[in-house]
Amino acid sequence: MAVRIRKDGTIICAAKSGSEDGDCYLDDGVHYRLYELGILHSNNDEDDTWYFQTGKEKNRKIIISDKWPEAISDGLSLPCSICGIIPMFDYHVDDDFWSRIVPGHIRRDVICLPCLDGLAHNVQLDVAEHIEFVHFTGIGKTVVLIPERTYYYEKK
Ligand SMILES: [Zn+2]
C-alpha cells in the first residue's frame, strides 16, 4: 500500500486519506520495503496509520482504552491442534505461507510456533522467513516482538 507522511509526522494509508498540502507520498514499493526492513510498522488501527521505528529505539507503549486491535493477541487459552499444549506465544505469519504448510482440516485451529516450525521443516520451508511478529501475552499487556535476526547452526 502507499502511504502519506503529513507535515505533523502522521503516516497514514494513502487510499484511506486525501492529499494535503505538504504531504510526502511513499509509493507501495518504498512502503513495503521499509516494512520488510522492520523500519515502518502498523499501528493496527482503523485509520491505518503507521510509525517509524528502528531496533535501537525503546519499546513503544500504547494504552488501549476501548477497542482492542484486531491483529493483536489478548491472551491464549486454546491448545495447539497438533501437540495439545497451550502456547505461550502467539505469532503472525503471512497467509500464503500458512495455507501452504498447515493442513486444511486444522487451518482454523491454534498451532503453536514449535509445531508450525515442524510443519514448515517437513516441506523444506523456513518459518524464520515468514514470521512477521510474535506476541507475548503477559499480565494486562501484550508485547509485540519483531524478529531481528536468525542464527543457523549445523546439525550434529
Ligand atoms: Zn504444538
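Any read-out appearing in this document is the output of simple, stated calculations on the displayed coordinates, not a laboratory observation. Everything numeric here is computed off the predicted structure, so don't read it as measured data. Ideal geometry is used to build each Cβ from the backbone, glycine not excepted, and the neighbour counts take in all protein chains shown.
Assorted remarks:
- The stretch 3-52 pair-distance distribution - Cα-Cα, 5 Å bins, rounded %: 5, 23, 34, 26, 10, 2
- For the pair A71 and R6, a Förster radius of 22 Å applied to the C-beta separation gives a FRET efficiency near 0.40, rounded to the nearest 0.05.
- Taking Cβ atoms as reference points and 11 Å as the exclusive limit, the residues near I62 contribute a net charge of +2, counting Lys and Arg as +1 and Asp and Glu as -1.
- Cα-based shape type of the stretch 25-89, given that a ≥ b ≥ c are square roots of the gyration tensor eigenvalues and the cut on a/c is 1.5: prolate
- Simple label model, 7 Å out from Cα along Cβ direction - H105 to C83, nm: 2.2
- Other residues lying with their Cβ under 9 Å from the Cβ of C24 contribute a combined charge of +2, Lys and Arg counting +1, Asp and Glu -1.
- Principal semi-axes in Å for the stretch 50-156 [√(5λ), Cα gyration tensor, largest first]: 25, 19, 13
- Taking the stretch 60-80 and a reference point 7 angstrom along Cα→Cβ of K16, the backbone N atoms nearer than 20 Å belong to 61-74.
- Secondary-structure-derived ellipticity at 222 nm for the chain, considering helices only, amounts to -4500 deg cm²/dmol, per-run term -39500 (n - 2.57) for DSSP H runs with n ≥ 4.
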